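Accompanying notes for the structure given below.
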Amino acid sequence: MPKLLLLALVGAVAVTILVATGGSAASGPTYYRDVAPILDAKCASCHRLGGIAPFSLTTAADAKAHAAGIVRMTRAGLMPPWMPGDDSAPIIGRDVRRLTAAELSTLARWAGNGASAGSASERRSTPARDAGLSGPGRTVTIAPRKAYVPHAAGGGIDDYHCFVLDPKLTQDAFVTAALIKPQRTGIVHHVILYEAAGAQARAAAQLNAASKGKGWTCFGGPGLPFDLSGSSSASRLGQPPWIAAWVPGHTTNALPNGTGVLVHKGAKIVMQVHYNLIAASGPDRSQAQLRLRPATTPLTRLETQLIAAPVELPCPDGVSGPQCSRQHTLQDEVNKYGAEAAFVPAALLQICDRTLADYPQSVGTGTAIPTTCDRAISQTETIYGVAGHMHMRGRDISVVLDPGTAKEQTLLHIPAWVFHWQDVYYLQKPVEVGPGDTIRVRCSFDNSKDNQPLIGAKQLTPRYVLWGEGTTDEMCLGVLSVATG
């Protein structure tokens, strides 16, 4: 027998004997002393009862049951999920979501030594609990009066529904944190909280009254009258201001210290919930908690701005049929989402100064299809936070300041898009911009045969894909959290 093989066998037997007899292997890392602090700090905010992860990691038994998977996923860099690339601007919380080389080594040695629990008296950390809101101010919980059972219309698999919620504000107030709690995460694609004030509040009340308090269908936006007053209204295309949002993977609930989103006295909150009914349906009563401080508090007021790029994804080479016609897709969106859906693809081309000639008519298998849109900055602003949004065919998204110039800076780059891990990322050092600066959102997509969304266990047939409201449609959206002036 070769000497190296003999030594390896002797070593393996020795480790087995040590583990079985409680020898020196037990002196290696243990759950309570070494592993729990890592999991509590960097994993358990999601991996806890009621968290967004599929299983808990808050006990020794939980961790041992998943020890091999913990090592595999952390070694691969897939967990904890941190989507921004290293070329992104420095982001608050980056270190909290990344494991050091020492932590990775501890996890590997612990799993390799049998995932020993050790003594509970050695635990030096506190397991993560249900997410809540903290800090100065008061917390208000808002939710629809009754559960809603979503249903799709027009042959689609999506339902956008708006609910009117009343925070009962007797004075203007800042929202400094928002915790949105989807009741059925398996069908909730996203939640957006809009502020409806003045005429928009009255319109929301009328829509709600017409449905006897059950809310209304609201593809595209809350369906309220456009309001182009205010410094950032044009970037919202007249839609009401955003207060907060939730998407799969969202964990950032608090705004940066010293900032808040202003909500006016007497305003209503319209909660838009996008239900995706690919797998199931059922009654949902999602809710939100808002942390409020008086408007007299010296805080910097943040607003949300949106930058959308066109989506024009032809069928891959070798695929043909009516579903590969752009007009066919456009008509399908009208059938599912209403007549306004027909205007969005054309409007995005015009806003972004693009034409259909800028996009391929067919693509090879696995070929990335890019799209971009530039928006000139028209006033002095400070960018505090950045996010990106795509759907199931997204591959890569970035938000770049002053592209192609000596001042170019990547604010956010997500090089390997995963729909189930989305968030807003706040910059460690806010970036000041003004007239003469440009923001670009850039996305790339994979519309090949092998990258089609699954409906149940069946993969969809490739088709021409446009910007659309459904989960199996696509979007390219950059989101900025800014202070103006």
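The values are calculated or read from the model by the stated rules, or taken from the named source; none is laboratory data. What you are looking at is a predicted structure, and each value in this text was computed from that prediction instead of being measured. All Cβ positions, even for glycine, are placed from backbone atoms using ideal geometry, and neighbour counts span all protein chains on display. The protein model used for the area step is the full one, side chains on, heavy atoms only, and it has no ligands, DNA or RNA in it. Shrake-Rupley method; radii C 1.70, N 1.55, O 1.52, S 1.80 Å.
The 3J(HN,Hα) values that the Karplus relation (6.51, -1.76, 1.60; θ = phi - 60°) gives for the range 158-169 are, in residue order, 10, 9, 9, 10, 10, 10, 9, 10, 10, x, 6, 7 Hz. Gly and Pro appear as x. Could you tell me how many degrees, from 0 to 90 and to the nearest 10, lie between the Cα long axis of helix 326-337 and the main elongation axis, the longest principal axis, of the Cα atoms of the chain? With rounding to tens, the tilt is 90 degrees.
In this structure the amide hydrogen of H189, modeled in the peptide plane, comes within under 5 Å of the amide hydrogens of H274, Y275, N276, none closer than 5 places in sequence on its chain. Values of log10 I(q)/I(0) for the range 290-434 across q = 0.10, 0.11, 0.15 Å⁻¹ run -0.49, -0.59, -1.00, by the Debye formula with one identical scatterer at each alpha carbon and no solvent. Computed with a 1.4 Å probe over protein heavy atoms only, the accessible surface of the range 362-485 comes to 38 Å² per residue.
Heavy-atom accessible surface of E408, to the nearest 10 Å², is about 100 Å², with a 1.4 Å probe and all protein chains retained.
Along each principal axis, taking the top coordinate minus the bottom one, the Cα set of the range 50-99 gives 38, 24, 15 Å in descending order.
No disulfide-compatible partner, judged by a Cβ distance under 4.7 Å, exists for the following cysteines of the chain: C43, C46. The residues of the range 108-180 expose on average 52 square angstrom of accessible surface per residue, using a 1.4 Å probe on protein heavy atoms. In the chain, the DSSP beta bridges split such that about 95 percent are antiparallel, to the nearest 5. Fully extending the segment from A406 to T367 would add 11.0 nm, taking 0.36 nm per residue of separation and subtracting the current Cα-Cα distance. In the chain, the sites counted are trypsin sites (Lys or Arg not before Pro) in DSSP loop states with at most 16 other Cβ atoms within 10 Å, and the longest stretch holding none of them, exclusive of the sites, is 286-406.
Within the shell defined by Cβ-Cβ distances under 9 Å, the residues around L262 carry a net charge of -2, with Lys and Arg each +1 and Asp and Glu each -1.
Can you compute the label reach from T300? Point 7 Å from Cα along the Cβ direction, backbone N cut-off under 19 Å, restricted to the range 363-388. Residues 377-387 fall inside that zone. Using a probe of 1.4 angstrom, how much of the accessible area of the chain is carbon and sulfur, in percent? Carbon with sulfur: 56 percent of the solvent-accessible area. Structure note, pairs K168/K336; K42/K429; K42/K449; K212/K268: Cα-Cα distances above 26 angstrom occur for K168/K336; K42/K449.
Estimated purely from DSSP H runs of n ≥ 4, each contributing -39500 (n - 2.57), the mean residue ellipticity at 222 nm for the chain is -5500 deg cm²/dmol once divided by its residues. With a Förster radius of 56 Å, plug the Cβ-Cβ distance of Q350 and Q459 into 1/(1 + (r/R0)^6) and report the FRET value to the nearest 0.05. According to the calculation, E is roughly 0.95.
Comparing the chain with the 2.2 N^0.38 Å rule of thumb, its C-alpha radius of gyration ratio is 1.08 (two decimals).
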